[in-house]
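Q: Dumping the structure here so I can ask a few things about it.
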Amino acid sequence: MRIAVIGAGWAGLSAAHRLHAEGHELSVFEAAPAIGGRARGVWSNKLQMTLDNGQHILLSAYTDTLALLGSLHGQLDSCCATLPLIWESADGLLSLRVPKRLPSKLALAWGLLRAQGLSRSARWRAAQALMQLSFSGWRVAQGLTVEHWLDATHQPPDIRTVFWHPLCLATMNTPPQQACAQLFAHVLRDSLGQGADACRIVLPRLDLGSLWNSSALRDMDLRLRRPVQRLAMHNGGIQVDDEAFDTVILACPAATSCKLLSQLPKSPLGEDYLAPYAKFTHLPIATLYLRLTQPWHLPHPMLQLRETPATLGFGQWVFNRHAFSRSDTAPLLSVVISDASHLATHDEASLVAGIQAQLRAQLSRAGPMPAVSGHQLIVEKRATFAALPGLERPKEKTPWLGVFVAGDWTDTGYPAVLEGAVRSGLRAARLATAPTHV
Ligand SMILES: Cc1cc2nc3c(=O)[nH]c(=O)nc-3n(C[C@H](O)[C@H](O)[C@H](O)COP(=O)(O)OP(=O)(O)OC[C@H]3O[C@@H](n4cnc5c(N)ncnc54)[C@H](O)[C@@H]3O)c2cc1C
């Protein structure tokens, strides 16, 4: 069976890796000059080094992604650092830990009850909301936003500002006033709700491009700079541009997949299937890299920042890459800004100055910040789809025989995250080679 995978982001690569390992005849088409899609390495001329297009954080609950990385690198430790979840604000005022030795349902609630820097009523309300959610089977009423859910569970303002809102933005890249509460409940269920072991933080030690740079891609027919333009049914198979295949997995963005699928024979089933594709909207994520002249010994590799918009302190999280990264040649901080639409109205120099001032002010307990010898701001404009309530997401199996889709935007049950992309890619690979399609 000849299989084409269109798109070499994490969904396409996961599918291709599985199919290649199973010995299928495979071609991978990628529009860009490099693999990785929205999780890739990019060369920075300013810093003269390869950076990630955005700081990526994995959780130990991302079992398929971690298994994949483990298999690509022999063991997970050689490519990723795994750290216990310590949610601490840069200024040290807020501190939350998920205790290890408690049943999963109780662990986060207990962690919240014991958190430092929150009022007693905030801790109690948060723990109560979480327990209720867990006992309801992690189900919330249809159509609710995260903010609706916070209102319904009477969350006080302080815990919204320092915990729920940042958690929602960090996991869904969608503001709580718009984000789907059910999807948020899934995120909580599969991570924080599973206890300390499931919500350990996993940070890549290598740049994202190098995570795939192993024997996995060797001998694979990988065609870079090959944007697929045409799809057609032909003689019981599928024509990809001018080449014939038996099966195709479209692992490109939803809009491109829709454009290509629209070229296939029309049917009412096909039209129904394609209807949700037009509903996706996207939000940006920005990452500011700051190269320091010497290491800065921060209390944890990952710290939460308090936003100070009046002085352009837009940073939400800071990562001390020196503490976990293997390849960085110089001490490097990455500062993450989710839902970064508001950055567009400011010039880069002012943003960089504002965020540096924010770091200095909030991290004074770590001693003076070393001088910054260079920076790189990367804004990914279409980083993730907006995870809105009621957003219908397409299944991997399409109504066209032998044609499948994969991507973080498919019906994964997760927001736009690597685990969703990987699971979707693996599912598409399984469906594509299921006996009914041979
Ligand atoms: C800045 C940023 C930070 C993020 N942070 C996190 C995080 O901390 N944790 C997390 O889990 N996730 C994070 N994500 C999300 C994660 O990166 C995505 O969920 C994942 O990379 C999506 O992979 P994908 O394969 O579904 O899609 P994509 O990566 O978009 O892959 C689609 C591929 O198709 C290619 N393509 C497009 N058109 C064509 C065509 N016509 N022919 C051939 N190829 C084509 C594209 O070039 C691309 O390579 C972040 C994303 C960004 C941008």
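The values are calculated or read from the model by the stated rules, or taken from the named source; none is laboratory data. Just so it is clear, the structure is predicted and the values come from calculations on it, not from any experiment. Methodologically, a virtual Cβ is constructed for each residue, glycine included, from the backbone with ideal geometry; neighbour enumeration extends over all protein chains shown. SASA here: full protein model, heavy atoms, side chains in, ligands and nucleic acids out. Shrake-Rupley method; radii C 1.70, N 1.55, O 1.52, S 1.80 Å.
Q: Determine the shape class of region 205-328: with a ≥ b ≥ c the square roots of the Cα gyration tensor eigenvalues, call it rounded for a/c under 1.5, and otherwise prolate if a/b is greater than b/c, oblate otherwise.
A: On the way: a/c = 4.15, a/b = 1.88, b/c = 2.21.
Note, shape of region 205-328 comes out oblate.
Q: Provide the net charge surrounding Leu150, with neighbours chosen by a C-beta distance below 13 Å and charges set as Lys +1, Arg +1, Asp -1, Glu -1.
A: Within the 13 Å Cβ shell, the charges total -1.
Q: Where does the charge balance sit around Arg430 when Lys and Arg score +1, Asp and Glu -1, over other residues with C-beta under 14 Å from its C-beta?
A: After counting each charged neighbour, the total is +2.
Q: Here's a follow-up. If each residue of separation counts as 0.36 nm, what is the full-extension length gain between His342 and Arg120 once their alpha-carbon separation is subtracted?
A: Gain on extension, His342 to Arg120, equals 76.6 nm.
Q: Per-residue counts of other Cβ atoms within 10 Å, averaged by peptide: what ranking do you get for 11-18, 189-196, 336-343, highest first?
A: 11-18, 189-196, 336-343
Q: Gln177 to Thr63: extension gain in nm, 0.36 nm per residue of separation minus the Cα-Cα distance?
A: 38.1 nm
Q: For n ≥ 4 DSSP H runs only, could you compute -39500 (n - 2.57) per run for the chain, divide by its residues and tell me the 222 nm figure to the nearest 500?
A: On the way: 12 runs with 123 residues, N = 438.
Taking each H run of at least 4 residues, the total per residue is -8500 deg cm²/dmol.
Q: Further question: Give, in nm to one decimal, the length gained when the segment between Thr293 and Ser364 is fully stretched (0.36 nm per residue of separation minus the Cα-Cα distance).
A: Numbers: separation 71, 0.36 × 71 = 25.56 nm, distance 1.75 nm.
In short, 23.8 nm is gained.
Q: Quantify how much of the Cα-Cα distance distribution of the chain extends past 42 Å, in percent.
A: 15
Q: Can you pull the one-decimal nm distance between simple spin-label points at Thr82 and Ser136, each 7 Å off the Cα toward Cβ?
A: 3.3
Q: On to the next question. How much net charge surrounds Leu59 when only the other residues with a Cβ under 11 Å from the Cβ of Leu59 are counted, with Lys and Arg +1 and Asp and Glu -1?
A: -2
Q: Could you report the accessible area of Lys259 in Å², rounded to 10, computed with a 1.4 Å probe on the protein chains as they sit in the structure?
A: Using a 1.4 Å probe on the heavy atoms, I get roughly 120 Å².
Q: Suppose every K and R has +1 on its Cβ and every D and E has -1 on its Cβ; what is the size of the dipole of the chain about the Cα centre, in Debye to the nearest 20?
A: The calculated dipole for the chain is roughly 900 debye.
Q: Specify the residue with the greatest mean-square fluctuation among Gly367, Gly315, Gly413, computed from a Gaussian network of the chain linking alpha-carbon atoms under 10 Å apart.
A: Between Gly367, Gly315, Gly413, it is Gly367 that shows the largest mean-square fluctuation.
Q: Can you give the accessible area of Trp296 in Å² (nearest 10), computed on protein heavy atoms with a 1.4 Å probe?
A: Approximately 10 Å² for this residue.
Q: Nearest 20 debye, what's the magnitude of the dipole of region 85-199 about its Cα centre given +1 on Lys and Arg Cβ and -1 on Asp and Glu Cβ?
A: 420
Q: Which residue fluctuates the most in the chain, going by a Gaussian network model with Cα springs under 10 Å, if the choices are Thr161, Thr65, Thr174?
A: Fluctuation is largest for Thr161.
Q: By the gyration tensor of its Cα atoms, with a ≥ b ≥ c the square roots of the eigenvalues, what is the shape of region 1-79: rounded for a/c under 1.5, prolate for a/b over b/c, or oblate? Could the numbers behind the result be given before it?
A: Values: a/c = 2.33, a/b = 1.26, b/c = 1.85.
Verdict is oblate for region 1-79.
Q: Sum up the lysine pairs in the chain that clear both bars: alpha-carbon distance under 26 Å and a spacing of 8 or more or different chains.
A: 12
Q: Could you tell me the calculated FRET efficiency between Lys100 and Ala170, based on Cβ-Cβ distance and R0 = 30 angstrom, to the nearest 0.05?
A: After rounding to 0.05, the efficiency reads 0.85.
Q: Let me ask something additional. Go through Asp91, Asp408 and list them by solvent-accessible area, largest first, probe radius 1.4 Å. Working shown, then result.
A: On the way: Asp91 45, Asp408 15 Å².
Most to least solvent-accessible, the answer reads Asp91, Asp408.
Q: Roughly how many nanometres apart are two label points built 7 Å out from the Cα toward the Cβ at Lys266 and Asn213?
A: If labels sit at Lys266 and Asn213, their model points lie 4.8 nm apart.
Q: Moving to a separate point now. Using alpha-carbon positions, what is the distance between the centroids of region 384-438 and region 242-267, in Å?
A: For region 384-438 versus region 242-267, the Cα centre distance is 14 Å.
Q: Measuring from a point 7 Å past the Cα of Gln229 along Cα-to-C-beta, which residues in region 1-17 have an amide N at less than 18 Å?
A: The answer is 6-7, whose backbone nitrogens lie closer than 18 Å to the label point.
Q: Of the heavy-atom accessible surface of the chain (probe 1.4 angstrom), what whole percent is carbon and sulfur? Write down the numbers at each step before the final one.
A: Details: 10110 of 18530 Å².
Roughly 55 percent of what the probe reaches on the chain is carbon or sulfur.
Q: Additional query: Leaving ligands and nucleic acids out of the surface, order Ser60, Ser257 by accessible area at 1.4 Å, largest first.
A: Values: Ser60 25, Ser257 0 Å².
Of Ser60, Ser257, the descending order of accessible area is Ser60, Ser257.
Q: Whenever you get a sec, line up Glu25, Glu348 from highest to lowest accessible area (probe 1.4 Å, protein heavy atoms).
A: Glu25, Glu348
Q: Here's another thing I want to ask about it. Kirkwood Rh over alpha-carbon pairs of region 85-199, then Stokes-Einstein at 37 °C and 0.692 mPa s: what D in µm² s⁻¹, rounded to an integer?
A: 235
Q: Quote the accessible area belonging to Phe135 in square angstrom, nearest 10, computed with a 1.4 Å probe and with ligands, DNA and RNA left uncounted.
A: Using a 1.4 Å probe on the heavy atoms, I get roughly 150 Å².
Q: Give the residue from Gly23, Pro415, Pro253 lying farthest towards the positive end of the charge dipole for the chain; charges sit on Cβ (+1 for Lys and Arg, -1 for Asp and Glu) and the dipole is referred to the Cα centre.
A: Most positive-ward Cα: Pro415.
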